[in-house]
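Reading through the C-alpha coordinates given below for one structure.
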Amino acid sequence: MKRDLKPETLMMSHGYRPEWSEGAVKCPIFQTSTFAFRTAEEGKAFFEVAYGLREKGAKERTGLIYSRLNNPDMEILEERLKLWDKAEACAVFESGMSAISTALFEFLRPGDLLLCSNPLYGGTSHFVHHVLTKFGIEVLGFSPGASREELLQIVEASGKKDRLGMIYIETPANPTNDLVDIAVCRSVANVFGRNGRQVLVAVDNTYMGPIWQHPLRHGADLVLYSATKYIGGHSDVIAGACLGPTELISRVKTLRTFLGNMIAPHTGWLLLRSLETLKLRMEKQSENAQVIARRLARHPKVAKVHYLGLLTPEDGEAYEIYRRQCSSPGAMVSFEVKGGEKEAFSFLNHLKIVKLAVSLGSTESLAQHPATMTHAGVGHAEKIAFGISDALIRLSVGVEHVEDLWWDLEQALDKIPEHREPAPEVMLSPNYV
Ligand SMILES: *Cc1c(COP(=O)(O)O)cnc(C)c1O
(Lines give C-alpha, C1' and ligand atoms only; values in the text may rest on other atoms or scores of the structure.)
Protein backbone atom coordinates (compact mmCIF):
# COMPACT_ATOMS: atom_id res chain seq x y z
CA MET A 1 0.00 0.00 0.00
CA LYS A 2 1.42 3.37 -1.03
CA ARG A 3 -0.78 5.49 1.17
CA ASP A 4 0.56 6.75 4.49
CA LEU A 5 -2.24 5.57 6.76
CA LYS A 6 -3.16 7.48 9.90
CA PRO A 7 -2.77 5.80 13.31
CA GLU A 8 -6.54 5.62 13.89
CA THR A 9 -6.87 3.56 10.68
CA LEU A 10 -3.94 1.32 11.56
CA MET A 11 -5.27 0.54 15.07
CA MET A 12 -7.52 -2.13 13.56
CA SER A 13 -4.86 -4.00 11.59
CA HIS A 14 -1.24 -2.99 12.11
CA GLY A 15 1.14 -5.76 13.07
CA TYR A 16 -1.34 -8.63 12.75
CA ARG A 17 -2.45 -10.84 9.83
CA PRO A 18 -5.58 -13.02 10.00
CA GLU A 19 -3.74 -15.89 8.25
CA TRP A 20 -1.53 -16.26 11.33
CA SER A 21 -4.57 -17.36 13.37
CA GLU A 22 -7.01 -19.44 11.28
CA GLY A 23 -8.32 -16.27 9.58
CA ALA A 24 -9.42 -14.67 12.86
CA VAL A 25 -10.07 -11.00 12.06
CA LYS A 26 -9.11 -10.02 15.58
CA CYS A 27 -5.79 -10.87 17.14
CA PRO A 28 -6.59 -13.68 19.62
CA ILE A 29 -5.37 -13.79 23.22
CA PHE A 30 -2.18 -15.85 23.12
CA GLN A 31 -2.71 -17.25 26.59
CA THR A 32 0.42 -19.36 26.61
CA SER A 33 3.60 -19.18 28.66
CA THR A 34 5.84 -20.84 26.09
CA PHE A 35 6.17 -21.37 22.32
CA ALA A 36 7.19 -24.55 20.47
CA PHE A 37 10.28 -24.32 18.22
CA ARG A 38 10.04 -26.13 14.89
CA THR A 39 13.62 -27.37 15.22
CA ALA A 40 16.44 -27.16 17.76
CA GLU A 41 18.35 -24.97 15.27
CA GLU A 42 15.47 -22.52 15.24
CA GLY A 43 15.39 -22.42 19.08
CA LYS A 44 19.12 -21.74 19.10
CA ALA A 45 18.75 -18.90 16.58
CA PHE A 46 15.89 -17.30 18.57
CA PHE A 47 17.97 -17.30 21.76
CA GLU A 48 21.04 -15.86 20.02
CA VAL A 49 19.00 -12.82 18.98
CA ALA A 50 17.02 -12.53 22.22
CA TYR A 51 20.19 -12.59 24.34
CA GLY A 52 22.07 -10.21 22.03
CA LEU A 53 24.72 -12.81 21.15
CA ARG A 54 24.52 -11.66 17.53
CA GLU A 55 22.72 -8.99 15.49
CA LYS A 56 19.37 -9.93 14.00
CA GLY A 57 19.55 -10.57 10.24
CA ALA A 58 17.84 -8.02 7.97
CA LYS A 59 14.87 -10.31 7.11
CA GLU A 60 14.91 -12.28 10.38
CA ARG A 61 11.91 -11.97 12.72
CA THR A 62 12.44 -12.21 16.45
CA GLY A 63 11.20 -15.70 17.27
CA LEU A 64 8.61 -16.31 19.96
CA ILE A 65 10.25 -18.00 22.94
CA TYR A 66 8.56 -17.51 26.29
CA SER A 67 5.93 -14.95 27.35
CA ARG A 68 8.23 -13.13 29.79
CA LEU A 69 10.42 -12.23 26.76
CA ASN A 70 7.80 -11.92 24.04
CA ASN A 71 4.21 -12.74 23.19
CA PRO A 72 2.11 -11.66 20.17
CA ASP A 73 -0.35 -9.61 22.24
CA MET A 74 2.54 -7.72 23.84
CA GLU A 75 4.43 -7.18 20.58
CA ILE A 76 1.45 -6.14 18.45
CA LEU A 77 0.41 -3.71 21.18
CA GLU A 78 3.93 -2.22 21.13
CA GLU A 79 3.81 -1.88 17.34
CA ARG A 80 0.49 -0.02 17.50
CA LEU A 81 1.43 2.26 20.40
CA LYS A 82 4.56 3.36 18.54
CA LEU A 83 2.44 4.91 15.80
CA TRP A 84 0.88 7.70 17.86
CA ASP A 85 4.18 9.07 19.16
CA LYS A 86 6.08 8.16 15.97
CA ALA A 87 8.51 6.34 18.27
CA GLU A 88 11.12 3.87 17.05
CA ALA A 89 10.40 1.40 19.83
CA CYS A 90 8.02 0.66 22.68
CA ALA A 91 8.01 -1.57 25.77
CA VAL A 92 4.74 -2.36 27.55
CA PHE A 93 4.35 -3.23 31.21
CA GLU A 94 1.85 -4.56 33.71
CA SER A 95 1.44 -1.05 35.21
CA GLY A 96 2.44 2.57 34.66
CA MET A 97 4.59 2.36 37.78
CA SER A 98 6.50 -0.63 36.42
CA ALA A 99 7.22 1.27 33.17
CA ILE A 100 8.44 4.29 35.16
CA SER A 101 10.47 2.39 37.78
CA THR A 102 12.10 0.13 35.18
CA ALA A 103 13.15 3.07 32.99
CA LEU A 104 14.57 5.01 35.96
CA PHE A 105 16.45 1.95 37.27
CA GLU A 106 17.92 1.30 33.83
CA PHE A 107 19.23 4.80 33.19
CA LEU A 108 20.32 6.01 36.64
CA ARG A 109 23.41 4.95 38.62
CA PRO A 110 24.38 5.39 42.29
CA GLY A 111 25.76 8.90 42.73
CA ASP A 112 23.60 10.35 39.95
CA LEU A 113 21.42 13.43 40.25
CA LEU A 114 17.79 13.22 39.10
CA LEU A 115 15.98 16.50 38.41
CA CYS A 116 12.16 16.28 38.58
CA SER A 117 9.30 18.68 37.96
CA ASN A 118 6.85 19.24 40.82
CA PRO A 119 4.28 18.02 41.65
CA LEU A 120 4.81 14.43 40.51
CA TYR A 121 2.26 11.63 40.41
CA GLY A 122 2.11 10.22 43.99
CA GLY A 123 3.49 6.79 43.10
CA THR A 124 6.37 8.28 41.12
CA SER A 125 7.11 10.77 43.88
CA HIS A 126 7.33 7.95 46.45
CA PHE A 127 9.52 5.90 44.13
CA VAL A 128 12.04 8.67 43.45
CA HIS A 129 12.18 10.03 47.02
CA HIS A 130 12.03 6.77 48.99
CA VAL A 131 13.34 4.05 46.68
CA LEU A 132 15.87 5.66 44.32
CA THR A 133 17.46 7.53 47.24
CA LYS A 134 18.21 4.13 48.87
CA PHE A 135 20.34 3.40 45.82
CA GLY A 136 22.34 6.60 46.29
CA ILE A 137 20.51 8.71 43.73
CA GLU A 138 19.95 12.33 44.68
CA VAL A 139 16.61 13.86 43.72
CA LEU A 140 15.95 17.59 43.25
CA GLY A 141 12.64 19.17 42.29
CA PHE A 142 11.74 22.27 40.32
CA SER A 143 8.46 24.09 39.84
CA PRO A 144 6.74 24.04 36.42
CA GLY A 145 7.30 27.77 35.89
CA ALA A 146 11.10 27.53 36.31
CA SER A 147 13.05 29.26 33.51
CA ARG A 148 16.06 27.80 31.72
CA GLU A 149 18.36 29.98 33.88
CA GLU A 150 16.69 28.77 37.08
CA LEU A 151 17.12 25.13 36.02
CA LEU A 152 20.79 25.68 35.21
CA GLN A 153 21.15 27.35 38.61
CA ILE A 154 19.55 24.41 40.49
CA VAL A 155 21.94 21.96 38.83
CA GLU A 156 25.01 24.17 39.38
CA ALA A 157 24.09 24.75 43.04
CA SER A 158 23.62 21.00 43.68
CA GLY A 159 27.36 20.46 43.45
CA LYS A 160 26.58 17.41 41.27
CA LYS A 161 26.38 18.96 37.82
CA ASP A 162 28.80 16.34 36.47
CA ARG A 163 26.40 13.62 37.66
CA LEU A 164 23.08 14.84 36.26
CA GLY A 165 21.58 11.64 34.85
CA MET A 166 18.05 12.58 33.87
CA ILE A 167 15.44 15.33 33.82
CA TYR A 168 12.06 13.75 34.53
CA ILE A 169 8.91 15.77 33.96
CA GLU A 170 5.13 15.59 34.04
CA THR A 171 3.39 18.13 31.86
CA PRO A 172 0.62 19.15 32.31
CA ALA A 173 1.17 18.57 36.02
CA ASN A 174 -1.32 16.53 37.98
CA PRO A 175 -3.60 17.94 39.45
CA THR A 176 -2.87 21.59 38.66
CA ASN A 177 -2.47 21.52 34.85
CA ASP A 178 0.73 23.58 35.17
CA LEU A 179 2.98 23.25 32.12
CA VAL A 180 6.67 22.46 31.74
CA ASP A 181 8.54 23.43 28.57
CA ILE A 182 10.01 20.18 27.19
CA ALA A 183 12.37 21.96 24.77
CA VAL A 184 13.85 23.99 27.65
CA CYS A 185 14.52 20.74 29.57
CA ARG A 186 16.22 19.33 26.46
CA SER A 187 18.48 22.36 26.20
CA VAL A 188 19.38 22.17 29.93
CA ALA A 189 20.09 18.42 29.60
CA ASN A 190 22.41 19.15 26.67
CA VAL A 191 24.46 21.57 28.78
CA PHE A 192 25.32 18.81 31.28
CA GLY A 193 25.99 15.89 28.92
CA ARG A 194 29.63 14.77 29.08
CA ASN A 195 32.11 12.08 27.98
CA GLY A 196 29.60 10.53 25.64
CA ARG A 197 26.95 10.22 28.36
CA GLN A 198 23.78 11.98 27.33
CA VAL A 199 21.52 13.43 30.03
CA LEU A 200 18.11 11.95 29.25
CA VAL A 201 14.81 13.82 29.25
CA ALA A 202 11.86 11.60 30.25
CA VAL A 203 8.25 12.78 30.08
CA ASP A 204 5.30 11.13 31.80
CA ASN A 205 2.70 11.87 29.11
CA THR A 206 -0.24 10.13 30.82
CA TYR A 207 -2.27 13.35 31.15
CA MET A 208 -2.21 14.19 27.43
CA GLY A 209 -1.27 11.20 25.49
CA PRO A 210 -0.83 9.66 23.20
CA ILE A 211 -3.10 11.88 21.10
CA TRP A 212 -2.68 15.46 22.33
CA GLN A 213 1.03 15.79 23.08
CA HIS A 214 4.06 14.13 21.52
CA PRO A 215 7.09 14.79 23.74
CA LEU A 216 9.58 13.04 21.42
CA ARG A 217 8.97 15.79 18.85
CA HIS A 218 9.92 18.43 21.43
CA GLY A 219 13.23 16.82 22.33
CA ALA A 220 12.34 14.17 24.94
CA ASP A 221 14.25 10.86 24.86
CA LEU A 222 11.65 8.75 26.66
CA VAL A 223 7.87 8.93 26.89
CA LEU A 224 6.10 7.10 29.71
CA TYR A 225 2.45 6.20 30.11
CA SER A 226 0.15 4.82 32.65
CA ALA A 227 -1.89 2.90 30.06
CA THR A 228 -4.43 2.45 32.84
CA LYS A 229 -5.69 5.93 31.97
CA TYR A 230 -6.63 7.12 28.44
CA ILE A 231 -5.01 4.22 26.58
CA GLY A 232 -6.99 1.56 28.48
CA GLY A 233 -9.80 4.06 28.91
CA HIS A 234 -12.43 1.86 30.55
CA SER A 235 -11.20 1.71 34.17
CA ASP A 236 -10.82 -2.06 33.90
CA VAL A 237 -7.10 -2.62 33.48
CA ILE A 238 -3.72 -1.57 34.94
CA ALA A 239 -0.88 -1.22 32.40
CA GLY A 240 2.03 0.98 31.30
CA ALA A 241 4.34 1.81 28.41
CA CYS A 242 7.72 3.36 27.69
CA LEU A 243 8.63 4.67 24.20
CA GLY A 244 11.71 6.11 22.56
CA PRO A 245 14.65 5.27 20.30
CA THR A 246 15.44 1.55 19.77
CA GLU A 247 18.81 1.92 21.49
CA LEU A 248 17.20 3.05 24.76
CA ILE A 249 14.10 0.86 24.63
CA SER A 250 16.19 -2.31 24.04
CA ARG A 251 17.85 -1.62 27.39
CA VAL A 252 14.46 -1.08 29.06
CA LYS A 253 13.20 -4.36 27.56
CA THR A 254 16.23 -6.26 28.80
CA LEU A 255 15.65 -5.06 32.36
CA ARG A 256 11.93 -5.87 31.97
CA THR A 257 12.87 -9.43 31.05
CA PHE A 258 14.80 -9.82 34.29
CA LEU A 259 12.40 -7.94 36.56
CA GLY A 260 9.57 -9.91 34.94
CA ASN A 261 7.12 -6.97 34.94
CA MET A 262 6.00 -7.33 31.31
CA ILE A 263 2.35 -7.04 30.32
CA ALA A 264 0.24 -10.22 30.48
CA PRO A 265 -1.32 -11.53 27.22
CA HIS A 266 -4.85 -10.81 28.37
CA THR A 267 -3.99 -7.24 29.43
CA GLY A 268 -2.24 -6.67 26.11
CA TRP A 269 -5.29 -7.94 24.25
CA LEU A 270 -7.62 -5.64 26.21
CA LEU A 271 -5.43 -2.68 25.28
CA LEU A 272 -5.46 -3.64 21.58
CA ARG A 273 -9.22 -3.41 21.82
CA SER A 274 -9.04 -0.07 23.65
CA LEU A 275 -6.71 1.42 21.04
CA GLU A 276 -9.34 1.01 18.31
CA THR A 277 -11.48 3.70 19.97
CA LEU A 278 -8.69 5.75 21.58
CA LYS A 279 -9.01 8.82 19.37
CA LEU A 280 -12.82 8.79 19.34
CA ARG A 281 -12.98 8.55 23.10
CA MET A 282 -10.37 11.19 23.77
CA GLU A 283 -11.89 13.67 21.32
CA LYS A 284 -15.32 13.28 22.86
CA GLN A 285 -13.89 13.59 26.37
CA SER A 286 -12.11 16.81 25.48
CA GLU A 287 -15.17 18.23 23.73
CA ASN A 288 -17.21 17.60 26.90
CA ALA A 289 -14.46 19.00 29.12
CA GLN A 290 -14.33 22.26 27.17
CA VAL A 291 -18.04 22.84 27.75
CA ILE A 292 -17.83 21.85 31.41
CA ALA A 293 -14.77 24.04 32.12
CA ARG A 294 -16.42 27.14 30.63
CA ARG A 295 -19.60 26.60 32.63
CA LEU A 296 -17.71 25.88 35.86
CA ALA A 297 -15.83 29.17 35.46
CA ARG A 298 -19.16 31.04 35.52
CA HIS A 299 -20.70 29.18 38.48
CA PRO A 300 -21.03 31.30 41.65
CA LYS A 301 -19.77 28.46 43.92
CA VAL A 302 -16.54 28.07 41.92
CA ALA A 303 -13.54 30.24 42.80
CA LYS A 304 -11.12 29.23 40.03
CA VAL A 305 -10.85 26.72 37.17
CA HIS A 306 -7.50 25.25 36.08
CA TYR A 307 -7.96 24.07 32.50
CA LEU A 308 -5.67 24.44 29.50
CA GLY A 309 -8.60 25.52 27.34
CA LEU A 310 -9.11 28.59 29.52
CA LEU A 311 -5.54 29.89 29.09
CA THR A 312 -5.34 33.19 27.21
CA PRO A 313 -2.41 35.26 25.87
CA GLU A 314 -2.52 37.13 29.21
CA ASP A 315 -1.23 33.95 30.86
CA GLY A 316 2.08 34.59 29.09
CA GLU A 317 4.56 31.73 29.07
CA ALA A 318 1.99 29.07 30.06
CA TYR A 319 -0.16 30.00 27.06
CA GLU A 320 2.87 29.89 24.76
CA ILE A 321 3.90 26.43 25.99
CA TYR A 322 0.34 25.19 25.63
CA ARG A 323 0.15 26.40 22.02
CA ARG A 324 3.53 24.86 21.18
CA GLN A 325 3.20 21.51 22.96
CA CYS A 326 -0.45 20.48 23.06
CA SER A 327 -2.93 19.96 20.25
CA SER A 328 -5.95 19.95 22.59
CA PRO A 329 -6.77 21.27 26.08
CA GLY A 330 -7.52 17.68 27.15
CA ALA A 331 -10.20 16.34 29.46
CA MET A 332 -8.74 17.01 32.92
CA VAL A 333 -10.36 19.95 34.66
CA SER A 334 -9.35 21.03 38.15
CA PHE A 335 -11.26 23.70 40.03
CA GLU A 336 -11.49 25.29 43.43
CA VAL A 337 -14.84 25.66 45.09
CA LYS A 338 -15.39 28.69 47.31
CA GLY A 339 -14.43 27.56 50.82
CA GLY A 340 -12.27 24.60 51.80
CA GLU A 341 -12.42 20.88 52.53
CA LYS A 342 -15.97 21.01 53.94
CA GLU A 343 -17.35 22.63 50.79
CA ALA A 344 -15.29 20.38 48.48
CA PHE A 345 -16.52 17.25 50.29
CA SER A 346 -20.13 18.46 50.16
CA PHE A 347 -19.78 18.74 46.37
CA LEU A 348 -18.20 15.28 46.01
CA ASN A 349 -20.76 13.62 48.30
CA HIS A 350 -23.68 14.97 46.26
CA LEU A 351 -22.51 13.76 42.84
CA LYS A 352 -24.94 11.28 41.27
CA ILE A 353 -23.45 10.43 37.86
CA VAL A 354 -19.79 11.34 38.26
CA LYS A 355 -18.04 8.67 40.34
CA LEU A 356 -16.06 9.68 43.40
CA ALA A 357 -12.85 7.84 42.55
CA VAL A 358 -9.20 8.42 41.70
CA SER A 359 -7.74 7.57 38.25
CA LEU A 360 -8.52 9.41 35.03
CA GLY A 361 -8.92 9.27 31.28
CA SER A 362 -11.77 6.79 31.30
CA THR A 363 -15.14 6.64 29.53
CA GLU A 364 -16.88 7.50 32.81
CA SER A 365 -16.33 10.82 34.56
CA LEU A 366 -14.43 10.69 37.84
CA ALA A 367 -13.94 13.30 40.56
CA GLN A 368 -11.64 13.33 43.57
CA HIS A 369 -10.05 15.60 46.20
CA PRO A 370 -6.27 15.73 45.54
CA ALA A 371 -5.31 17.23 48.95
CA THR A 372 -6.70 14.23 50.88
CA MET A 373 -6.64 11.54 48.17
CA THR A 374 -4.10 11.31 45.30
CA HIS A 375 -1.76 13.88 46.89
CA ALA A 376 -2.35 12.99 50.57
CA GLY A 377 1.35 12.08 50.86
CA VAL A 378 2.55 15.56 49.81
CA GLY A 379 3.75 17.70 52.75
CA HIS A 380 1.68 20.72 53.82
CA ALA A 381 4.19 23.33 52.67
CA GLU A 382 4.59 21.65 49.28
CA LYS A 383 0.83 21.39 48.83
CA ILE A 384 0.62 25.17 49.24
CA ALA A 385 3.60 25.73 46.94
CA PHE A 386 2.12 23.45 44.22
CA GLY A 387 -1.37 24.94 44.51
CA ILE A 388 -3.06 21.80 45.90
CA SER A 389 -5.52 23.57 48.17
CA ASP A 390 -8.27 22.05 50.36
CA ALA A 391 -10.83 23.54 47.97
CA LEU A 392 -9.40 21.85 44.87
CA ILE A 393 -11.38 19.17 43.00
CA ARG A 394 -9.92 17.17 40.11
CA LEU A 395 -12.37 16.11 37.46
CA SER A 396 -11.69 13.63 34.67
CA VAL A 397 -14.39 14.17 32.07
CA GLY A 398 -15.80 11.09 30.33
CA VAL A 399 -17.91 10.45 27.24
CA GLU A 400 -21.36 10.76 28.82
CA HIS A 401 -23.87 13.24 27.37
CA VAL A 402 -22.52 16.63 28.30
CA GLU A 403 -25.91 17.95 29.47
CA ASP A 404 -26.31 15.00 31.86
CA LEU A 405 -22.85 15.70 33.23
CA TRP A 406 -23.51 19.39 33.68
CA TRP A 407 -26.84 18.65 35.34
CA ASP A 408 -24.98 16.50 37.88
CA LEU A 409 -22.13 18.95 38.49
CA GLU A 410 -24.51 21.90 38.83
CA GLN A 411 -26.84 20.20 41.31
CA ALA A 412 -23.86 19.13 43.45
CA LEU A 413 -22.38 22.66 43.31
CA ASP A 414 -25.74 24.20 44.22
CA LYS A 415 -25.87 22.03 47.37
CA ILE A 416 -22.58 23.40 48.71
CA PRO A 417 -23.48 25.34 51.87
CA GLU A 418 -23.03 29.09 51.55
CA HIS A 419 -19.43 29.93 52.42
CA ARG A 420 -18.65 33.14 54.30
CA GLU A 421 -15.12 34.43 54.12
CA PRO A 422 -13.87 34.81 57.71
CA ALA A 423 -13.77 38.51 58.63
CA PRO A 424 -10.26 39.72 57.85
CA GLU A 425 -8.12 40.06 60.98
CA VAL A 426 -7.06 43.62 61.50
CA MET A 427 -3.33 43.59 60.82
CA LEU A 428 -1.21 46.49 61.93
CA SER A 429 1.63 47.26 59.63
CA PRO A 430 4.97 47.02 61.48
CA ASN A 431 5.35 50.80 60.98
CA TYR A 432 2.46 51.41 63.32
CA VAL A 433 3.40 48.96 66.09
C1 LIG B 1 -1.79 6.64 37.21
C2 LIG B 1 -0.53 7.34 36.89
C3 LIG B 1 0.71 6.69 37.02
C4 LIG B 1 0.86 5.28 37.54
O5 LIG B 1 0.30 4.33 36.68
P6 LIG B 1 -0.31 2.92 37.17
O7 LIG B 1 -0.83 2.35 35.91
O8 LIG B 1 -1.35 3.20 38.21
O9 LIG B 1 0.82 2.13 37.74
C10 LIG B 1 1.84 7.41 36.65
N11 LIG B 1 1.78 8.69 36.22
C12 LIG B 1 0.61 9.34 36.12
C13 LIG B 1 0.59 10.76 35.64
C14 LIG B 1 -0.58 8.70 36.45
O15 LIG B 1 -1.74 9.36 36.35
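The values are calculated or read from the model by the stated rules, or taken from the named source; none is laboratory data. Not measured: the values here are computed from a predicted model. Backbone-built Cβ (ideal geometry, glycine too); neighbour counts: all protein chains shown. Heavy atoms of the whole protein, side chains included, go into the accessibility calculation; ligands, DNA and RNA do not. Shrake-Rupley method; radii C 1.70, N 1.55, O 1.52, S 1.80 Å.
Net charge dipole, the chain: roughly 880 debye, given to the nearest 20, about the Cα centre with Cβ charges of +1 for Lys and Arg and -1 for Asp and Glu.
Report the FRET efficiency, 1/(1 + (r/R0)^6), for residue 25 and residue 126, where r is their Cβ-Cβ distance and R0 is 45 Å, rounded to 0.05. Don't skip to the end; give the middle numbers.
Numbers: r = 43 Å, r/R0 = 0.95.
The formula returns an efficiency of 0.55 here.
Packing here is the average count of other Cβ atoms within 10 Å per residue, and on that basis the peptides 401-407, 225-231, 211-217, highest first, run 225-231, 211-217, 401-407. Counting only Cα atoms, the size of the range 278-414 along its three principal axes is 36, 34, 28 Å, in decreasing order.
Of 16, 51, 307, the residue with the greatest mean-square motion in the GNM of the chain, using alpha carbon springs below 10 Å, is 51. Remark: the range 281-433 carries a charge dipole of roughly 140 debye about the Cα centre, counting +1 on each Lys and Arg Cβ and -1 on each Asp and Glu Cβ.
Remark on residue 93: its backbone amide H falls under 5 Å from those of 240, 241, 263, a criterion applied only to residues 5 or more positions apart or on other chains, H modelled at 1.01 Å from N.
What nm distance separates the two modelled labels at residue 404 and residue 148, each placed 7 Å from Cα along Cα→Cβ? Output for this residue pair reads 4.9 nm.
Would you list, by chain and number, the lysines whose Cα falls below 16 Å from the Cα of residue 352, excluding same-chain residues fewer than 8 positions away? Cross-link targets: 415. Within straight-line reach of residue 279, meaning a Cα separation under 26 Å, sit the following lysines at least 8 residues removed in sequence or on another chain: 2, 6, 26, 82, 86, 229, 355. Charging the Cβ of each Asp and Glu at -1 and of each Lys and Arg at +1, and nothing else, the dipole of the range 48-182 about its Cα centre rounds to 320 debye.
In sequence order, the range 296-312 has phi-based couplings of 4, 4, 9, 6, x, 8, 9, 8, 7, 10, 10, 8, 4, x, 9, 5, 10 Hz under the Karplus curve 6.51 cos²θ - 1.76 cosθ + 1.60, θ = phi - 60°, and Gly or Pro positions carry x. Think of the chain as a dipole: +1 on every Lys or Arg Cβ, -1 on every Asp or Glu Cβ, centred on the Cα centre; then among 277, 67, 37, 37 lies furthest on the positive end.
Given the options 187, 21, 365, which has the most mean-square fluctuation in a GNM of the chain, springs set between C-alpha atoms less than 10 angstrom apart? Evaluated over the chain, the most mobile residue of the options is 21. In the context of the full protein assembly, residue 355 retains an accessible surface of approximately 110 Å², using a probe radius of 1.4 Å and ignoring ligands and nucleic acids.
Selection among 104, 92, 122 by position relative to the dipole of the range 70-123 gives 122 as farthest towards the positive end (Cβ unit charges, Cα centre). Ranking 310, 389, 289 by how far each Cα lies toward the positive end of the dipole of the range 278-414 (charges on Cβ) leaves 289 at the top.
Applying the Karplus relation 6.51 cos²θ - 1.76 cosθ + 1.60 with θ = phi - 60° to the range 314-325 yields 3J(HN,Hα) values of 5, 6, x, 3, 4, 5, 4, 5, 4, 5, 6, 9 Hz, where x marks Gly and Pro. Residue by residue, the range 25-30 carries 3J(HN,Hα) couplings of 5, 9, 4, x, 7, 8 Hz when phi is fed to the Karplus relation 6.51 cos²θ - 1.76 cosθ + 1.60 (θ = phi - 60°); x denotes Gly or Pro. Its residue count N sets the reference 2.2 N^0.38 Å, and the alpha-carbon radius of gyration of the chain equals 1.06 times that reference.
Which FRET efficiency value, to the nearest 0.05, do you get for residue 4 and residue 246 by plugging their Cβ-Cβ distance into 1/(1 + (r/R0)^6) with R0 = 35 Å? Approximately 0.95, to the nearest 0.05.
Could you give the length gained by full extension between residue 191 and residue 60, i.e. 0.36 nm per residue of separation minus their alpha carbon distance, to one decimal place?
Length gained between residue 191 and residue 60: 43.2 nm.
Here's how it looks for residue 306: its modeled amide H is under 5 Å from those of 334, 335, 336, which are all 5 or more places away or on a different chain.
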